[in-house]
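Below is one structure; the comments refer to it alone.
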Amino acid sequence: MQILLLGYGKMGKTIETLALNAGHDITGRIDESNTHSLSDYTSKNTDVAIEFSQPNAAYRNIEYCLQNSIPVVSGTTGWLDKKPHLDQLCLEMEGAFFYASNYSIGVNLFFDVNKKLARLMNSFSNYKVSMEEIHHTEKKDEPSGTAITLAEGIIQEKKGIDHWVLGSGNSNNLPIRSKREGKVPGTHIVTYSSAVDDIEIKHTAHSRKGFASGALMVAEWILEKKGVLTMQDFLKI
């Protein structure tokens, strides 16, 4: 498989190592130092693009891939207000566009557990839900894309919660507390608190390898697919 890496930071380099070990080829590496080289890549020399760049570059990267019939797998967060335009472009071009805020298999199972717990808690109004996420100090967006996905799952399933807020909240919203510490790959905690006890679910990533291996598995899977795709399609949850 010929892979184009869009973004060559820590995630891109981890994906590269796993891809090469699996027998794939890296056809190119695009970062902010050589964005002009993106036009060198087409469907003739690239099977799939894996995009972990920066919020200000993601839209342009994905748009280029869709316009040039390159299936694209993206995990960049902090730009999703523009995603509907790319979803529409993907459908118009009959391309393949896969987006996930987190490619860890464990996190995506955690997303499903989070929704199920939110549904259960509808019968117990004495519990107040809140969330905390912890990431490394180099992460630019807050809350994390993973935290937002968790929050959207709760809002979808939990009656009386209609939006999330960064910081403290009230009875009608979900407060998310963001922390940036050292080299933490990612920790997410959802807590339901009452006067007598707390219920807590937690996912702790130990390294970037879980995210990278998930993205590579999706890149292998997407080659024969079309449309706007998500981890629910991949995992069949």
*asked:* Cβ-Cβ under 8 Å, sequence separation 6+ or interchain: first residue in region 221-234 and at negative phi, partner in a loop (DSSP other than H, G, I, E, B) and among the β-branched types (Val, Ile, Thr). Which pairs?
replied: Met231/Ile237
*Given the structure, is Lys83 within 15 Å of the chain's Cα centre (by Cα) and among the charged types (D, E, K, R)?*
yes
_Pair list, Cβ under 8 Å, 6 or more apart: region 44-73 residue without any contact (Cβ under 8 Å) to a residue 24 or more places away in the chain and on the phi < 0 side of the Ramachandran plot, other residue crowded, with 18+ Cβ neighbours inside 10 Å and of a type outside the set (A, V, I, L, M, F, W, C)_ = Ala58/Glu51; Ala58/Ser74; Ala58/Thr76
_Within region 19-61, tally of residues that are over 22 Å from the mean Cα position of the chain (by Cα), closer than 12 Å to Gly7 by Cβ, at pLDDT below 95 and outside any loop (DSSP other than H, G, I, E, B)_ = 1
_Here's a check for you: in region 195-216, which residue that is aliphatic (A, V, I, L, M) and touching a helix residue (DSSP H, G or I) at 6+ places or on another chain (Cβ under 8 Å) is nearest to Thr146 (Cα to Cα)?_
Ala205
*Which one is farthest from Glu133 (Cα to Cα) among residues in region 158-208 that are β-branched (Val, Ile, Thr), more than 20 Å from the chain's Cα centre (by Cα) and outside any strand (DSSP E or B)?*
Val196
_Selection status of Lys82, of a type outside the set (Gly, Ala, Ser) and either over 28 Å from Lys209 (Cβ atoms) or surrounded by fewer than 14 Cβ atoms within 10 Å (Cβ to Cβ) (or both)_ = yes
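May I ask you to say which residue of Thr17, Thr42, Thr27 is surrounded by 15 or more Cβ atoms within 10 Å (Cβ to Cβ) and either in contact with a helix residue (DSSP H, G or I) (Cβ under 6 Å, 6 or more places away or on another chain) or among the β-branched types (Val, Ile, Thr) (or both)?
Being surrounded by 15 or more Cβ atoms within 10 Å (Cβ to Cβ) and either in contact with a helix residue (DSSP H, G or I) (Cβ under 6 Å, 6 or more places away or on another chain) or among the β-branched types (Val, Ile, Thr) (or both) holds for just one of Thr17, Thr42, Thr27, which is Thr27.
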*Could you tell me whether Lys140 is among the basic types (Lys, Arg) and either assigned to a loop (DSSP other than H, G, I, E, B) or over 28 Å from Ser53 (Cβ atoms) (or both)?*
yes
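The values are calculated or read from the model by the stated rules, or taken from the named source; none is laboratory data. Bear in mind the structure is a predicted one, so any value in this text is a computation, not a measurement. A quick note on method: Cβ atoms are made from the backbone with ideal geometry, for glycine too, and the neighbour counts reach across all protein chains shown.
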